[in-house]
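Have a look at the structure below before the remarks.
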Amino acid sequence: MASGLTKRKTVTVLSIDGGGIKGIIPGILLAFLESKLQELDGTSARIADYFDVIAGTSTGGLVTTMLAAPNKNNRPMYAAKDINNFYLQHTPKIFPQSSGKSFLDMVTGLIGAVSGPKYDGKYLKSLTKELLGDLTIKQTLTNVVIPAFDIKHLQPIIFTTSDAKVNVSKNALLSDICLSTSAAPTYLPAHYFETKDADGKTRTFDLIDGGVAANNPTLMAISHIAKEIVMGNYEFVEMEPMESKRMLVLSLGTGAAKREKKYNATTASRWGLLSWVYDNGATPLLDVYGDASSDMVDIHVSTLFQALHSEKNYLRIQDDTLTGNLSSVDIATKENLEGLIKIGEKLLKKPVSRVNMETGQFETVEGEGTNEEAIKRFAKLLSDERKFRTT
């Protein structure tokens, strides 16, 4: 396991964005990565064996938990290839769809958006409780980083395995963390839970989706490593904070709407509060915050790696050409879910892209091949690092 090893050439990081049902897209990429690791190291290889830190927000937090939570044999609860089956089976029940597009459905949806969350969250709550039981975050098989946002104190709450090992009040149930990080405003209800500190004093949490602060948790994961190094708590202490030459970072997006297609200034100039919150089944304000947050993180992290000429150590895979229902976070119809699987499969065949610092747009990187080829190279680096640590 990555977190139990001491000697390192590099520190390895996996980051998974938020995005509701679009978690299927990184699910495809992770299944491919794990299959390459298994070709190198045997069929028992799992993602959690290779990453020192796995960070995930919202749906990415659910995937992180699936990859790192232990089963009864103290191995990952889910193989990466099983993630998409999870989405196909459960998201239609988490986000149940109305039977049609009648005027009554539209009115009901509008009233629901004003009066309360679009979905009651009961199925997700029962599912996470059933799967995770009494597991807490300090029991994960490698260090995980999962954000939420405390609406009572108006500040982010970052749950990590390392914090939970030294601060019992942060050792929350994984089920509570999953429900918190995925509690997207207007979609799912906020989540409340309590923990106890070392003296038995109650600590309360009033949490919503971590995506309001860090929809792309890559920079948060890197900052967490830096903090641990500064505090002397992290195993990789010989590394300097933010030393990108000594990091391997894989950051997976969940897809974004095609640029200049989803909204425009002419329409938005007429919007009031209600339209910003709910417009024809979409939530423009959340879309804007989510995409802006993800893109700004990518720009910051790309700058960090390019500044030290180590840009190949950072692989960001994202599709920013989604259109129609494919760009939604909750339209969990069979057609849409299968469409997202195809998006993920096509994304493997697309050329490696990197953000342009001036325009913020993804641009093809000449000479680095496809995302599929880049993941194969990444798998070899991960395998070599693990072998170095265990020999």
Within 20 Å of L219 (Cβ to Cβ) and open to solvent by 10 Å² or more (accessible area, probe 1.4 Å): does that describe T57?
no
Of residues in the stretch 21-36 being in contact with a Ser or Thr (Cβ under 9 Å, 6 or more places away or on another chain) and surrounded by 24 or more Cβ atoms within 10 Å (Cβ to Cβ), the one farthest from P92 (Cα to Cα):
P26
Exactly one of L124, L131 is over 30 Å from D279 (Cβ atoms) and part of a helix (DSSP H, G or I), and that residue is L131
Across the stretch 328-342, what is the number of residues that are open to solvent by 10 Å² or more (accessible area, probe 1.4 Å) and within 16 Å of D17 (Cα to Cα)?
2
Just name the residue that is most open to solvent (accessible area, probe 1.4 Å) out of those in the stretch 307-322 that are more than 11 Å from V352 (Cβ to Cβ) and at pLDDT below 90.
H309
Consider E385 carefully, then state whether it is assigned to a loop (DSSP other than H, G, I, E, B) and in contact (Cβ under 8 Å) with a residue 24 or more places away in the chain.
no
Report yes if I137 is touching a Gly at 6+ places or on another chain (Cβ under 6 Å) and surrounded by 20 or more Cβ atoms within 10 Å (Cβ to Cβ), otherwise no.
no
Yes or no: L62 assigned to a helix (DSSP H, G or I), modelled with pLDDT of 95 or more and open to solvent by less than 10 Å² (accessible area, probe 1.4 Å)?
no
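The values are calculated or read from the model by the stated rules, or taken from the named source; none is laboratory data. Everything numeric in this text was worked out from a predicted model, so none of it was measured. We place every Cβ from the backbone using ideal geometry, glycine too, and count neighbours over all the protein chains shown. Note: accessible area is taken over every heavy atom of the protein model, side chains too, but ligands, DNA and RNA are not part of it. Shrake-Rupley method; radii C 1.70, N 1.55, O 1.52, S 1.80 Å.
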